[in-house]
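Note sheet for the following structure.
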Amino acid sequence: MVSKKIWVNLSIINLCLVASLGVLMRSKIIFDLPWIDYNRLVDTHGHFAFAGWATLVLLVLMVYELPGTLYNKGIYQFLLGAIFFCSWATLFTSPFEKCRTISEYVSFVNILVTYVFSWVFIRDFLKTNASRTVKLLSVSSLIYLVLSSAGSIMLAFLFSIKSLNAILYRDALFGYLHLQYNGFFTLAVFALIYNKIASNTDWKARKALHWFALLLCVSVIPTMFLTFLWHATTLWVRIVSGFGSLCLLSSFVWFVIAAPLLMKEFKMVKPAIRYMIVLSIAAFLVKILMQSLTFVDSINVLVFGNRPMIMGFLHLIFLGFVTLFVMAYFAQKGYIDIRSRYSKFAFMIFTIAILINEILLMLQGLGNIFLASSPLFPWYLWGAGILLLIGIILIAVARIRTKQE
């Protein structure tokens with residue numbers, strides 16, 4: 001059986017590679033690097049970020065941290081290993097046009113692995129003594145992970161037939177990203193959060209959090225239609241997307257109701273970790289409000305036609321919410337010694353880099369909207385990418401410096 005420490009180490013190594021690819025991608029925008037195919041690099045960065053970091057680390061934490069002893073079963077070690085292998089196979093094949101077919105086969109195998117993992121995990125996890133809210137969030141997250149593959153399959157089909165249907169292409173892409181970010185990533189994180197705090201909260205907090213979780217799970221499918229409003233304004237699409245926005249805002253209200261009830265549990269967390277969790281949850285709440293606003297046609301068109309704004313939204317969830325939370329979780333569990341000055345410095349640099357990166361992307365998006373963008377933004381973002389890479393390397397070193405239990 002592979003220990004959780006090894007999976008933590010491998011996940012952090014993969015995150016370092018994700019950051020390195022990000023720097024290389026932004027370098028290509030500024031410098032003449034003819035040996036790099038930018039579009040292939042973008043695909044490689046996206047695939048590895050999803051499979052090699054977010055999917056791998058969240059599934060590892062779900063197997064090892066949620067109730068039950070699922071990690072003792074060899075099938076989970078095999079499936080996690082398969083996801084890790086597929087992510088690295090994609091890393092070495094996706095950047096090269098000659099290996100495109102191999103990369104596509106690897107991606108398809110990875111999808112099949114997530115199908116098997118989801119089926120096995122849901123079957124086993126429903127037999128554990130986990131609370132109904134943790135089961136709701138965990139099972140829903142994996143269902144949305146499976147459903148998101150429809151977007152990947154559609155994109156592969158459109159490429160194979162060399163379709164020029166830009167609307168269908170964008171709908172498949174946005175649908176995939178939505179189900180990954182707002183479905184799998186978000187619900188998996190809250191499953192881990194709720195599992196950690198549920199036993200120490202009173203019934204009022206548990207009730208409020210359950211309603212929050214229920215509304216959040218229900219909102220995922222209808223809010224996906226918000227991504228279609230930029231071209232589809234039929235009545236039924238508007239009704240479904242409006243229902244999704246209402247569910248999102250209602251979940252926001254229930255979370256605000258539950259927040260004061262969680263203060264006792266929150267005060268037990270070390271200050272350095274507490275600040276990271278606050279920023280992570282703040283990123284999530286900002287995401288809810290921003291997503292709800294896209295119900296307004298004028299805002300929807302501006303956002304979904306504005307690449308920097310979309311990238312800012314995706315980074316807000318991927319880095320500001322998911323990655324920052326995972327790092328705080330590692331520190332809380334002792335896999336990174338937050339008591340050392342070095343670790344605190346590493347987390348500070350990484351957190352500052354995330355904030356700078358997000359602010360720059362949002363400013364660039366607003367600049368495009370108001371026709372006031374600066375040609376210096378690619379340079380600023382390049383610097384932010386380097387700072388992100390430095391931050392995660394420092395965290396990797398902090399992990400090495402942490403005494404093994």
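Quick rundown of the values:
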read-out	value
Likely footprinting exposure, LYS135, LYS73, fewest C-beta neighbours within 10 Å first	LYS73, LYS135
Modelled FRET efficiency - R0 30 Å, ILE36 with LEU112, Cβ distances, 0.05 increments	0.50
Ascending count of other beta-carbon atoms within 10 Å, so fewest first, for HIS231, HIS45	HIS231, HIS45
Cα centroid separation, region 84-141 to region 58-74 (Å)	15
Residue among LEU324, LEU366, LEU15 with the largest mean-square fluctuation in a Gaussian network model of the chain, springs linking Cα atoms under 10 Å	LEU366
Charge-dipole axis of the chain as Lys and Arg at +1 and Asp and Glu at -1 on Cβ define it, positive-most pick from ALA19, LEU363, LEU215	LEU215
Share of alpha-carbon pairs per 5 Å distance bin for region 279-405, given as whole %	2, 11, 18, 20, 16, 13, 9, 6, 4, 2, 0
Order of TRP53, TRP230, TRP379 under a 10 Å beta carbon neighbour criterion, fewest first	TRP379, TRP230, TRP53
Stretchable slack from LEU314 to VAL120, in nm (0.36 nm times residue separation minus alpha-carbon distance)	66.9 nm
Value of [θ]222 nm, deg cm²/dmol, for the chain, DSSP H segments ≥ 4, -39500 (n - 2.57) each, nearest 500	-25000 deg cm²/dmol
TYR275 versus VAL397: modelled label distance in nm, points set 7 Å from Cα along the beta carbon direction	2.0
Lys, Arg +1 and Asp, Glu -1 on Cβ, resulting dipole of the chain about Cα centre, debye, nearest 20	1160
Label zone at ARG132, where the point sits 7 Å out along the Cα-to-Cβ direction: region 211-226 residues whose backbone N lies under 19 Å	211-219
Debye log10 I(q)/I(0) at q = 0.24 Å⁻¹ for region 1-98, Cα point scatterers	-1.18
Inter-centroid distance (Cα atoms) of region 352-392 relative to region 282-327, Å	15
For the chain, convex hull volume per residue from C-alpha positions, Å³	143
Residues LEU285 and PHE345, FRET efficiency given R0 of 22 Å [Cβ-Cβ distance, rounded to 0.05]	0.20
Rounded to the nearest 20 debye, dipole of region 279-405 from Cβ charges on Lys, Arg, Asp, Glu	540
Residues of region 308-327 with amide N under 20 Å of a point placed 7 Å along Cα→Cβ from ILE13	327
Estimated FRET transfer efficiency (PHE78, SER374; beta-carbon r; R0 60 Å; 0.05)	0.75
Local electrostatic count, THR93, Cβ distance below 14 Å [Lys/Arg +1, Asp/Glu -1]	-1
Dipole of the chain, positive end: most advanced residue of LEU293, LEU58, GLN180 [Cβ charges, Cα centre]	LEU58
Additional length obtainable on full extension of the chain from ALA232 to ILE102, 0.36 nm per residue less Cα span	43.2 nm
Long pairs among LYS267/LYS333; LYS28/LYS344; LYS4/LYS287; LYS73/LYS207; LYS4/LYS204, criterion Cα-Cα beyond 26 Å	LYS28/LYS344; LYS4/LYS287; LYS73/LYS207; LYS4/LYS204
Only Lys, Arg (+1) and Asp, Glu (-1) charged, at Cβ; region 6-89 dipole about Cα centre in debye	60
Kyte-Doolittle mean at least 0.5 and Cα axial length at least 27 Å: DSSP H helices in the chain	4-30, 74-93, 100-125, 132-160, 203-224, 235-258, 271-293, 341-369, 377-401
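Taken together, the values in this text are just the output of simple stated rules run on the coordinates, not laboratory data. All of these numbers come straight from a predicted model, not from anything done at the bench. Note: ideal-geometry Cβ built from the backbone for every residue, glycine included; neighbour counts use all protein chains shown.
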